[in-house]
Amino acid sequence: GRTGTRSYGPQGQTTPEDLADAPTVRVFVESFAPPPHMVIFGAVDFTSALARVAKVLGYRVTVCDARKVFATTRRFPMADEVMVAWPDDVFEKFGSSLGSRDAVCILTHDPKFDVPAIQGALRTSVGYIGVMGSRKTHAKRLERLAEVGLKAEHLTRVMSPVPAHPRRRQSQSAAKSSQDAPDAAHRRCQQRPGQSTSRSSSPVNSRVDRAYPAHPRHTC
């Protein structure tokens with residue numbers, strides 16, 4: 001939640017256009033609820049757009065990547081926290097606190113990173129899990145997830161691409177998809193907490209700037 005002052009018209013209007021020349025009531029709202037949390041895996045090109053819009057919607061944003069040359073506050077000044085870490089370390093820190101209002105977005109295409117990120121997200125109660133990639137990329141990703149023991153019923157929580165929207169036009173770019181993701185996550189978490197389902201058929205693509213190093217503790 002966010003603390004602030006809001007103005008309302010006689011019929012509950014809130015937009016500046018509706019409030020023009022109308023009597024208004026100003027209300028101070030003090031929120032004691034923590035803001036929803038969005039964890040973004042992958043310090044890639046689209047992460048900045050995703051993080052910016054998430055902040056507008058009131059999310060606390062954490063950007064995570066194992067490559068310290070890319071995971072920097074200089075690249076992502078809008079993020080509340082930038083972590084140089086692998087997914088298991090991130091979920092060790094945040095996993096128990098993620099709930100139906102929160103979101104995990106995975107923008108990587110390297111199995112060393114996105115497979116453990118999805119595994120970790122599925123072990124939490126997070127309300128939205130979104131991954132980026134084309135139909136072909138996502139199909140290969142599902143194969144890798146099956147190889148590590150995840151069953152089809154577990155993967156119904158994984159939405160691809162980010163955002164998974166049935167009316168998404170194929171001509172829209174991945175950058176626009178990234179910008180829409182926080183709104184999709186926000187609506188999904190509000191309307192169907194903990195039940196992020198379905199996968200879109202949009203061939204939206206992403207890329208990773210550099211390959212990830214070998215995981216210090218295990219490989220996928």
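The values are calculated or read from the model by the stated rules, or taken from the named source; none is laboratory data. Because the structure is predicted, anything quoted here is derived from the model rather than measured. Note that we place each Cβ from the backbone using ideal geometry, even for glycine, and neighbour counts take in every protein chain shown. Please note that ligands, DNA and RNA were not included when accessible areas were found on the heavy atoms of the full protein model with its side chains. Shrake-Rupley method; radii C 1.70, N 1.55, O 1.52, S 1.80 Å.
Quick notes
- For the peptides 23-33, 97-107, residues were scored by their other Cβ atoms within 10 Å and the scores averaged per peptide; the highest-first order is 97-107, 23-33.
- For D89 and E30, the FRET efficiency from 1/(1 + (r/R0)^6), where r spans their Cβ atoms and R0 equals 41 Å, is about 0.75.
- Within straight-line reach of K93, meaning a Cα separation under 28 Å, sit the following lysines at least 8 residues removed in sequence or on another chain: K55, K68, K112, K151.
- Under 5 Å between amide hydrogens, built in the peptide plane, is the criterion, and for R60 it picks out H37, M38 among residues at least 5 positions away or on other chains.
- The gain in end-to-end length when the A152 to D45 segment is fully stretched comes to 35.5 nm, 0.36 nm per residue minus the alpha carbon separation.
- In this view, the solvent-accessible surface of S96, computed with a 1.4 Å probe and all protein chains in place, comes to about 120 Å².
- Value of relative contact order over region 1-140, rounded to a whole percent, pairs C-alpha under 8 Å and six or more apart: 20 percent
- If you plug the beta carbon distance of S96 and S7 into 1/(1 + (r/R0)^6) with R0 = 35 Å, you get a FRET efficiency near 0.35.
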